[in-house]
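K.L.:
Okay, handing you the structure first.
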Amino acid sequence: MTACLRCETVLEDGDLRCAICALLVPAVARPSAPVYAQVLRCGGCGAVVGFVAEAQAPRCGFCAATMAIEQPIDPIETARRRLPFAVDRDVAEAAVRGWLAARGWFAPRALASEAVLESLTPLSWAAWRVDAEARVTWAADSDAGALRSAWAPHAGEVSLVFRDIVVPASRGLRASECRRLIPYYALASAVTVEPGDAGLDTRADAGGAAGGDAQGDARGAIERFDMQRSAARQQVQAAIEATARVRVEPSIPGRRFRNVRVACLLERQTTERLALPAWILAYRYRGTAYRAIVHGQRRDIVFGRSPIDVRKLAALVAAIVVIAALIALAIIAR
Amino acid sequence: MPDPGANATLCTATFACGQCGAGLGFVGVRTETCPYCVSPNFVERPASAHRPRPGFVIAFTGDASVARGQLDAWLGSRSWFADARIRRARVEALRGIYVPAYLYSAVADTDYTASIGEHYTQTETRETKDPAGVARTETRSVTRTEYRALAGHHVGYVTDVLVSASAGLAHAEFHAVEPYDLRALRRYTPALVTGWITEEFSRDPDDCRQISRGGAIDEVGQRLRRFMPGDSHSDLVWRTAVRWESLEPILVPVWVLAVRYRDDRSALRVVINGQTGAITGQVPLTAWKVALAVALAAVVVAAIVLAIVRHGGPPG
């Protein structure tokens, strides 16, 4: 394993550039050789060949053989470690039933009793865990030193260490759903993904991998990362900047602030691919499908979509209109 | 168009064709096609300070027919002001060239000062008279801006600054067909460029470094404008120190062609990005169309002015 000379970020096999600072990875020095004109020859028939853009490789004009050349390595990544499930199927189902029963006044009264559970699928969704160090310069408005305006500009610099930043890479879950799950994972419980765990693509068929209900033993689908490595790193950097915006807040003078801007000089970043457990529940209420999610390690973290009783909503709106009309009448009568 | 400011150093060498043995002159290029046996030859020269060995290549993504299609679409989409004959122009000398360039990156440390505008609201009271001449007191809220000085520091990596190292392709022309998708970079091997014209590096690396550095500082300026707090800002001044600079020689694909649309005029030069298809070229405008548009605009303005004057001007 080698590191970038400029920012000391760990480089991976196939990296031509550093993911953080874009420093190119030098090739192994070549011994000097005598200079003469050469032609590239087909390995099959020996004819002279040239690079063909359509094939993205040298191709022989006589026998159409294509020569293999080094390709840019930008693979779809797979998780190397996963967090085990700590919530089994029965507990997850009970948690959803409890959640449906507590949907509030706007939910249909018969929701808990009439909702039909269609599937309850264990899913280990894809995420990156990132560690990095950074020099962070910031600028912001705060109430400290304010004169006529309520705000005054400030700027500063701070060194931050980022540990265990989890960045969603899931296609199966929405980003907002991932953000609600992330704070409750016990990252220290990560175990290595065994060959038998991986390889199931939830985009194809997550429901086929039933049986991930043994506590601490995820047999559910392990989601593939849905992004090339190069694109993923931009997302990771954006996540670190978002974290930095929050982490610099104690450095900003004053009690209130706005327009917090950060610029990060990241160094020594390491990235680990994780699979995080969750139960995905599909249920149907009076012909319409809804989805709920149960945290794979915390039974009390349940959220999702649920139906609203339109009659209750209409009654509330009508009541508000009537009250507003009465108030208006009272004002006019004065 | 060749850049007169370029420090061109054409390297000339003669080698025997690797297929038939005929003499081949490699003038400013590291690939050449034998005129007798049509074999694509290449030479691997030892690197030197002014003629580095490219470390990386972005390959062409289409052949000449793709470039022709992109050109036809571009010519067809020119504005009404363009010379109509451009749409029936004939293409001369379409050539796919691997153009030498430098890929620059650095760490940028910047000190800045700026005047930050912070809005605040004031309540104003003033005496007015209504149409009947009765005095009234009006109160209104007015938003004003208070300017405060801010000095600070900004850090970041500046990456992906590309600058042409070709004496034949000026940086402005090269810049017009950027960007390239650098995720498609491959490590240089002759197998990637054989059969295509591969130009040697013909600009001084120090000049290219200076141009790249200027591009990096411009990039920092754009970031700083987004970095400023407040409701507005002015008088932004910054001084950037770059360190850990990297200037990597690479090859990028470009189609260069001449489009002849009139026999009495010189051919129009067009440059196409060999990866993305972005095109640049100075399409000539038709003088009478421009004059007609100006005349029409003048007539419309005159009619509006006349209408205002006829109706006695604005009220009051």
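The numbers here are math on the coordinates, done by the rules we state, and not lab data. Computed from a predicted structure; not experimentally measured. Glycine gets a Cβ as well: all are built from the backbone with ideal geometry, and neighbour counts include every protein chain shown.
K.L.:
Of the options A:ASN259, A:GLY104, B:ALA114, report the single residue whose Cα projects farthest towards the positive end of the charge dipole of the protein assembly as shown (beta-carbon charges: Lys, Arg +1; Asp, Glu -1).
P.N.:
It is A:GLY104.
K.L.:
Next question. Local charge sum around B:THR128 (other residues, Cβ-Cβ under 12 Å, Lys/Arg +1, Asp/Glu -1)?
P.N.:
0
K.L.:
Just checking the output field for B:55-62: average partner chain Cβ neighbours within 10 Å of each residue's Cβ?
P.N.:
Mean shielding by partner chains, rounded to a whole number: 4.
K.L.:
Something else about it: If each DSSP helix of 4+ residues adds -39,500 (n - 2.57) and the sum is divided by the residues in the protein assembly as shown, what number results at 222 nm, nearest 500 deg cm²/dmol?
P.N.:
So the calculated ellipticity at 222 nm is -7000 deg cm²/dmol.
K.L.:
Could you tell me which helices of chain B pass both thresholds, a Cα extent of 27 Å or more along their own axis and a mean Kyte-Doolittle hydropathy of at least 0.5, with helices taken as whole DSSP H runs?
P.N.:
B:287-310
K.L.:
For the protein assembly as shown, take every pair of Cα atoms, bin their distances at 10 Å starting from 0, and report each bin as a whole percent.
P.N.:
Once binned at 10 Å, the Cα pair distances of the protein assembly as shown give 3, 11, 15, 16, 18, 17, 11, 6, 2, 1, 0.
K.L.:
Let me check I've understood the local charge: for B:GLY62, count other residues with C-beta under 11 angstrom from its C-beta, Lys and Arg +1, Asp and Glu -1. What total comes out?
P.N.:
-1
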